[in-house]
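Novice: I am attaching a structure below and will ask some questions about it afterwards.
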Amino acid sequence: SKVAAELAPVLVSMTRSGVGIPTRVATAQFIASLFTLNRFDMANEYSKLLDVTLGTVFSERTGALIKCWAAAALSCASAAPPARQSKMMTTVAYRAQSEDESDRKAAAIFCSVLSARRPEMLKAHAAQVLPVACVSRFVDSETSKDTNEAWRLLWED
């Protein structure tokens, strides 16, 4: 739709330049609601928004913000074809094995949100996520305790 085509670039811009926690949270929630409520035909705009929301998941450092952006990315992914969803999950699995602790933390939080909000998507991509969850819960590091716990909970689900 015309509204969606005009709205997507504005949302991408807000995502990249949002200042302050309330602005970033509101932007993530607004993007998620666009796909959840289906008020506009956003199907043609999912790709741009999925790329920027997934990127933001891995650039945020606060767990609550990561959860908001993960929910937004998963809402965008719900409009994506299976091949694009698979590409998203490959990216998440790659980041979960990163040397960067913040990437591993973001991937763990993303997967826990995935398990809670889109269990059917987790089931469809279990071959990509579960091996990482199995191995990641045993990473030995003091800074990884929260991340290991998130992977443990995902594995138990």
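Novice: What number of residues within the stretch 15-32 satisfy the criterion of being open to solvent by 40 Å² or more (accessible area, probe 1.4 Å) and either in contact with a helix residue (DSSP H, G or I) (Cβ under 8 Å, 6 or more places away or on another chain) or part of a helix (DSSP H, G or I) (or both)?
Specialist: Going residue by residue through the stretch 15-32, those that are open to solvent by 40 Å² or more (accessible area, probe 1.4 Å) are 16-17, 19, 21-24, 26, 29-30.
Next cut, either in contact with a helix residue (DSSP H, G or I) (Cβ under 8 Å, 6 or more places away or on another chain) or part of a helix (DSSP H, G or I) (or both) only: 16-17, 21-24, 26, 29-30.
Total satisfying the criteria: 9.
Novice: From THR143, THR147, which residue is at pLDDT below 90, open to solvent by 50 Å² or more (accessible area, probe 1.4 Å) and part of a helix (DSSP H, G or I)?
Specialist: Details: THR147 fails: open to solvent by 50 Å² or more (accessible area, probe 1.4 Å).
Unique residue meeting the criteria: THR143.
This table checks each residue for (1) within 12 Å of the chain's Cα centre (by Cα); (2) at pLDDT below 95; (3) under 27 Å from GLY18 (Cα atoms).
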| position | (1), (2), (3) |
| --- | --- |
| SER59 | yes, yes, yes |
| TYR94 | no, yes, yes |
| ASP100 | no, yes, yes |
| ALA106 | yes, yes, yes |
| ILE109 | yes, yes, yes |
| LEU114 | yes, yes, yes |
| ARG137 | no, yes, no |
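The values are calculated or read from the model by the stated rules, or taken from the named source; none is laboratory data. Values in this document were obtained by computation on a predicted structure and should not be read as measured data. Here Cβ is always computed from backbone atoms with ideal geometry, including for glycine, and neighbour counts include all displayed protein chains. Only protein heavy atoms, including side chains, enter the accessible area calculation; ligands, DNA and RNA are left aside. Shrake-Rupley method; radii C 1.70, N 1.55, O 1.52, S 1.80 Å.
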